[in-house]
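Below you'll find the structure I mean.
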Amino acid sequence: MGEEGRRWEDLGIDCLLNVFGRLSLEDLSLGAVLVCKSWHKASLRPECWNKLNYREIDFMPWNKFTRRFMHEYRLQRFSFTGFMKFAANRSQRSAVELLFPPGFIPTLEDMVYAANKCPKLKILVLPKLSSEDEKHLPRLMGKWKDLEWLEVGSKPCSFIQVITQINLHCPNFSGLKMAGSICTEDALAIVSLVPMIRRLCLANSYLHKEALLMILNGCKNLEILEVLKCIGFEADGEVRRRASNIKIFKWEGSRLSYNDVYDDDDCDDIQVI
């Protein structure tokens, strides 16, 4: 076949969608969409915008992406909220992943917009929220009925209410990641409300041994438990025995108090395959 028969713009729509679905939001909005008419048309398909990973982009006003986006779309000003809405709208309610940037605190308006425009989310990654906006998180959780994985920058003050809503509305929920002070009440909520959870990451938290044992005893389907660099427990014989049925149990760096110092040889991960 000659070179003329192998032009990129002549690729079939299925091939283009397969490729574009793997691109970052930056490449989608400033790359494929500007190449040619056929690529532009394909890049507008909602299948290309299923994964809204805003963590891959630097949203600082002096960043090259920000300046180029303003130029290409003839904008007078740029904001994260504006770009978030731009990408969410292109997903046409089909997005399954939404990852907010870690250094950015979304407003309540951002959260409500995401809940309304992305009802099919399976993966949701949130940064640390403001104390005022945390109160509204339980109300929003009920909108994501397909949710499987939730990651929050720190344990929200409304955690019990959040996990209650997950119990009521998210039958496929299987994973949680957060850090903070995990008390026995929180552990009891996890055991009681999401007992089928398979992956739990509580690294860099204050986690008392009693709460840890409650989780180990109550969450029988746990496959991965990460409690790295926690304060409040030692991975003693009892803890290791209770965790022996978990495929991957990571606890290195955890100690009873800030004053404890461990020998590196005692901090290996336990992996039971």
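The values are calculated or read from the model by the stated rules, or taken from the named source; none is laboratory data. Only a predicted model underlies this, so the values are computations on that prediction, with no experimental measurement involved. Every residue, glycine as well, gets a Cβ built from its backbone with ideal geometry; the counts of neighbours run over all protein chains shown. Ligands, DNA and RNA are excluded from the accessible area calculation, which covers all protein heavy atoms including side chains. Shrake-Rupley method; radii C 1.70, N 1.55, O 1.52, S 1.80 Å.
Checking Phe104 against (1) in a loop (DSSP other than H, G, I, E, B); (2) over 18 Å from Gly175 (Cβ atoms); (3) without any contact (Cβ under 8 Å) to a residue 40 or more places away in the chain: exactly one of these is not met. Which one?
For Phe104, the exception is condition (3).
Is it true that Ala114 is hydrophobic (A, V, I, L, M, F, W, C), assigned to a helix (DSSP H, G or I), surrounded by 14 or more Cβ atoms within 10 Å (Cβ to Cβ) and at pLDDT 90 or above?
Answer is yes for this residue.
Is at least one residue of the range 152-167 within 16 Å of the chain's Cα centre (by Cα) and assigned to a strand (DSSP E or B)?
Yes; the residues of the range 152-167 include at least one that is within 16 Å of the chain's Cα centre (by Cα) and assigned to a strand (DSSP E or B).
Would you please name the residue that is surrounded by the most Cβ atoms within 10 Å (Cβ to Cβ), looking only at residues in the range 153-189 that are in contact with a strand residue (DSSP E or B) (Cβ under 9 Å, 6 or more places away or on another chain) and over 27 Å from Gly103 (Cα atoms)?
Ala187
Moving on to the next point. May I ask you to list the residues in the range 44-77 that are assigned to a helix (DSSP H, G or I) and open to solvent by less than 60 Å² (accessible area, probe 1.4 Å)?
Those that are assigned to a helix (DSSP H, G or I) and open to solvent by less than 60 Å² (accessible area, probe 1.4 Å): Pro46, Cys48, Trp49, Tyr54, Phe65, Thr66, Phe69, Met70.
Can you list residue pairs whose Cβ atoms sit under 6 Å apart, with the first residue in the range 230-259 being crowded, with 20+ Cβ neighbours inside 10 Å and the second being among the small types (Gly, Ala, Ser)? Count only pairs 6 or more apart in sequence or on different chains.
Filtered contacts from the range 230-259: Cys230/Ser205; Cys230/Ser254; Phe249/Ala243; Trp251/Ala235.
Of everything in the range 121-135 that's loosely packed, with under 15 Cβ neighbours inside 10 Å and out of contact with any Cys (no Cβ under 8 Å at 6 or more places or on another chain), which residue is farthest from Glu148 (Cα to Cα)?
It comes out as Glu132.
Looking at the range 211-229, which of its residues are within 21 Å of Pro156 (Cα to Cα) and either open to solvent by less than 10 Å² (accessible area, probe 1.4 Å) or of a type in the set (D, E, K, R) (or both)?
Ala211, Leu212, Ile215, Leu225, Glu226, Val227, Lys229
Name every residue in the range 190-200 that is open to solvent by less than 20 Å² (accessible area, probe 1.4 Å), closer than 24 Å to His136 by Cβ and not in a loop (DSSP other than H, G, I, E, B), in order of residue number.
Result: Ile190, single match.
Let me ask you something else. Filter the range 81-109 down to residues that are surrounded by 18 or more Cβ atoms within 10 Å (Cβ to Cβ) and modelled with pLDDT under 90 and give me whichever is farthest from the chain's Cα centre (by Cα).
Within the range 81-109, the match that is farthest from the chain's Cα centre (by Cα) is Pro106.
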